[in-house]
Amino acid sequence: MAPIIAVVGGGPMGLAVAYQLALEGAKPVLLEADDRLGGMAASFQFAGQTLERYYHFHCLSDHAFFALLEELGLADQLRWKQTSMGFFMDGRLYPWGSAGSVLSFRRLPMLTRLRYLLHAARCLSLRNWQHLDGMRATDWLKTWLGVKGYALLWQKLFAYKFYEHSDSLSAAWIWSRIRRLGQSRRWLKETLGYLEGGSQRWIDALEQRLRELGCEIQLSSPVEAIRSEGPGQGVVVRTPTGEHHFDAVISTVPLPLVAPMLQAGGADPALVQRYANQVSVACACVVLQTRQPITGNFWTNINDERFGIPGIIEFSNLRPLEGHITYVPYYMPASHPDYQRPDDAFIADSIACLQAINSDLSESDVLAAHGSRYRYAQPVCGTRFQKSLPPLHPLPGITTVDTTVYYPEDRGISESVGYGRELAKKVIRELRTRRQ
């Protein structure tokens, strides 16, 4: 008899888990609290077009995602484009991201510019990251770039994304971010990808495939409690429609959200606390449509005390869209007073920032604006991070994962898809072994 397995969370990892479970002959039931699939890759209607609430792009190394597109018949819809970066500080926009732009950046001494390039090269060549796991990212960057280089290039980026957590980040985590983008180059040019139709294209295709394979999808179905019945006895999940019995449960939602589910299911308070202790920063993300581009860049780093943001992302400089679309993400702890500000306040600040970068932009050039929020947008990956994570299998029949499980890699669609599919295979093997 095919095992019936609940998959909690319909983001990229949850979708991948459910898909692989179905391919392995199981009967997955996908439970998503939102009214749509996709998680942080979910889309909404904005200015007459379908747009992601939070920007996503693809790198040349995203092989797990490429494999999924191939299976869904969408591989020919992936497009690649050479993109550029910028650096805005002291009221001036500088080119950034290439060796030439770094060498011509006169705000830094030549020795610091050379050290920056050597550090980028080292990130690409480094394979064994374990020695970075116990090192703070701030210390590592200062060692390579010097105190002045760190202050100019990284300090504001960390401060405006992680606030009081800036000094606790792992060097291994920041290495993986630098390396991923560095690997997405063709002929030394940054090359990023997008899917025709955006993320909604592959999410819709995967949803259709899941239904064809017999997966039951329940939207607007938050999980209220999870209770293990003991070894080999299955798991009980409570949703607004009542209690439901499953052979196993795989949760893919942010780990802090698992804490109240286990608590309501009667789990040991010490175990619940391990989930509650996981730290993430929130994101209030503004999307703007303007008549003209702000810059010619995809990403522009911001080092300006007037604006508490690490950078802006001009998504229409990657994917062709109606009008010019810019994302302005405000990362901060959810406890920060600014996170409680209304969307209009974030939108006004975003417009002011874009006008500072491009003085030709007027209020009438802003055609549409939207704000989205996500409480657990960015996990804070500190030193020796893996030791802080709760167990993968906290109770019989229950598996809990989120994007932190593939540390030191940062959140990514491809990483979530690849990990989720391998996890599903493992869970099925273990269930079959126990039944023999």
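When Tyr419 is tested against (1) in contact (Cβ under 8 Å) with a residue 60 or more places away in the chain; (2) outside any helix (DSSP H, G or I); (3) open to solvent by 30 Å² or more (accessible area, probe 1.4 Å), just one condition goes unmet, and that condition is (2).
The residues listed here are Ser280, Ser335, Ser251, Ser316; of these, the one that is of a type in the set (Ser, Thr, Tyr) and over 28 Å from Gly382 (Cβ atoms) is Ser316. Scanning segment 1-18 for residues that are buried (at least 24 other Cβ atoms within 10 Å of the Cβ) and touching a strand residue (DSSP E or B) at 6+ places or on another chain (Cβ under 8 Å) returns Ile5, Ala6, Val7, Val8, Gly9, Gly10, Gly14, Leu15, Val17, Ala18. Any chance segment 204-220 includes a residue that's open to solvent by 10 Å² or more (accessible area, probe 1.4 Å), among the hydroxyl-bearing types (Ser, Thr, Tyr) and more than 30 Å from Thr83 (Cβ to Cβ)? Checking segment 204-220: at least one residue is open to solvent by 10 Å² or more (accessible area, probe 1.4 Å), among the hydroxyl-bearing types (Ser, Thr, Tyr) and more than 30 Å from Thr83 (Cβ to Cβ).
Evaluated against (1) among the hydrophobic types (A, V, I, L, M, F, W, C); (2) closer than 29 Å to Thr138 by Cα; (3) surrounded by fewer than 16 Cβ atoms within 10 Å (Cβ to Cβ), Leu392 falls short on exactly one condition, (2).
All conditions in (1) part of a loop (DSSP other than H, G, I, E, B); (2) within 25 Å of Ala64 (Cα to Cα); (3) of a type in the set (Asp, Glu); (4) at pLDDT 95 or above hold for Asp410, with the sole exception of (4).
Within segment 185-230, the only residue that satisfies the criterion of being free of Cβ contacts under 8 Å to residues at least 60 places away in the same chain, assigned to a strand (DSSP E or B) and in contact with a Lys or Arg (Cβ under 6 Å, 6 or more places away or on another chain) is Ala225. Remark: pairs (first residue in segment 339-363, without any contact (Cβ under 8 Å) to a residue 24 or more places away in the chain; second residue surrounded by 15 or more Cβ atoms within 10 Å (Cβ to Cβ); Cβ separation under 6 Å; 6+ apart in sequence or on different chains) = Gln355/Leu361. Name the single residue, out of those in segment 395-416 being small (Gly, Ala, Ser) and over 15 Å from Gln20 (Cα atoms), that is surrounded by the fewest Cβ atoms within 10 Å (Cβ to Cβ). Applying the filter and picking the extreme gives Gly412.
Can you spot a residue in segment 224-233 that is within 25 Å of Tyr419 (Cβ to Cβ), at pLDDT 95 or above and either crowded, with 21+ Cβ neighbours inside 10 Å or over 19 Å from the mean Cα position of the chain (by Cα) (or both)?
Within segment 224-233, the first condition is being within 25 Å of Tyr419 (Cβ to Cβ), and the residues that meet it are 226, 228.
Retained after the next criterion (residues that are at pLDDT 95 or above): 226, 228.
Now restrict to residues that are either crowded, with 21+ Cβ neighbours inside 10 Å or over 19 Å from the mean Cα position of the chain (by Cα) (or both): 226, 228.
Checking segment 224-233: at least one residue is within 25 Å of Tyr419 (Cβ to Cβ), at pLDDT 95 or above and either crowded, with 21+ Cβ neighbours inside 10 Å or over 19 Å from the mean Cα position of the chain (by Cα) (or both).
Scanning segment 234-255 for residues that are outside any strand (DSSP E or B), surrounded by fewer than 21 Cβ atoms within 10 Å (Cβ to Cβ) and polar (S, T, N, Q) yields one hit, Thr241.
Given the condition at positive phi, at pLDDT 95 or above and open to solvent by 20 Å² or more (accessible area, probe 1.4 Å), answer yes or no: does some residue in segment 177-193 qualify? If you could, list the steps in order and put the result at the bottom.
Step one: of segment 177-193, the residues at positive phi are 187-188.
Checking the rest, the ones that are also at pLDDT 95 or above come to none.
No, there is no match, as no residue in segment 177-193 is at positive phi, at pLDDT 95 or above and open to solvent by 20 Å² or more (accessible area, probe 1.4 Å).
Scanning segment 8-32 for residues that are part of a strand (DSSP E or B) and closer than 24 Å to Ser43 by Cα yields a count of 5. Exactly one residue among Ile174, Ile178 is free of Cβ contacts under 8 Å to residues at least 40 places away in the same chain, among the hydrophobic types (A, V, I, L, M, F, W, C) and under 26 Å from Asp62 (Cα atoms), and that residue is Ile174. Are any residues in segment 293-315 assigned to a loop (DSSP other than H, G, I, E, B) and either more than 17 Å from Leu181 (Cα to Cα) or among the aromatic types (Phe, Trp, Tyr) (or both), and if so, which ones? Within segment 293-315, Pro293, Ile294, Thr295, Gly296, Phe298, Asp304, Glu305, Arg306, Phe307, Gly308, Ile309 qualify.
For segment 136-147, state whether one or more residues are in contact (Cβ under 8 Å) with a residue 60 or more places away in the chain and within 21 Å of Phe298 (Cα to Cα). Give the steps one after another, and end with the answer.
In the first step, residues of segment 136-147 are kept if they are in contact (Cβ under 8 Å) with a residue 60 or more places away in the chain; the result is 136.
Next, only the ones that are within 21 Å of Phe298 (Cα to Cα) stay: none.
Within segment 136-147, none of the residues are in contact (Cβ under 8 Å) with a residue 60 or more places away in the chain and within 21 Å of Phe298 (Cα to Cα).
Need at least 2 residues that are open to solvent by less than 70 Å² (accessible area, probe 1.4 Å) and of a type outside the set (Ser, Thr, Tyr) per element, so show me which strands (runs of 3 or more DSSP E) inside segment 44-120 make the cut, counting only ones lying wholly within it.
On the way: elements: 49-52, 78-82, 85-89, 92-96.
Passing ranges, in order: 49-52, 85-89, 92-96.
The values are calculated or read from the model by the stated rules, or taken from the named source; none is laboratory data. Computed from a prediction, not measured in an experiment: that's the story for all the values here. Every residue, glycine as well, gets a Cβ built from its backbone with ideal geometry; the counts of neighbours run over all protein chains shown. Surface areas here come from the heavy atoms of the whole protein model, side chains and all, with no ligands, DNA or RNA. Shrake-Rupley method; radii C 1.70, N 1.55, O 1.52, S 1.80 Å.
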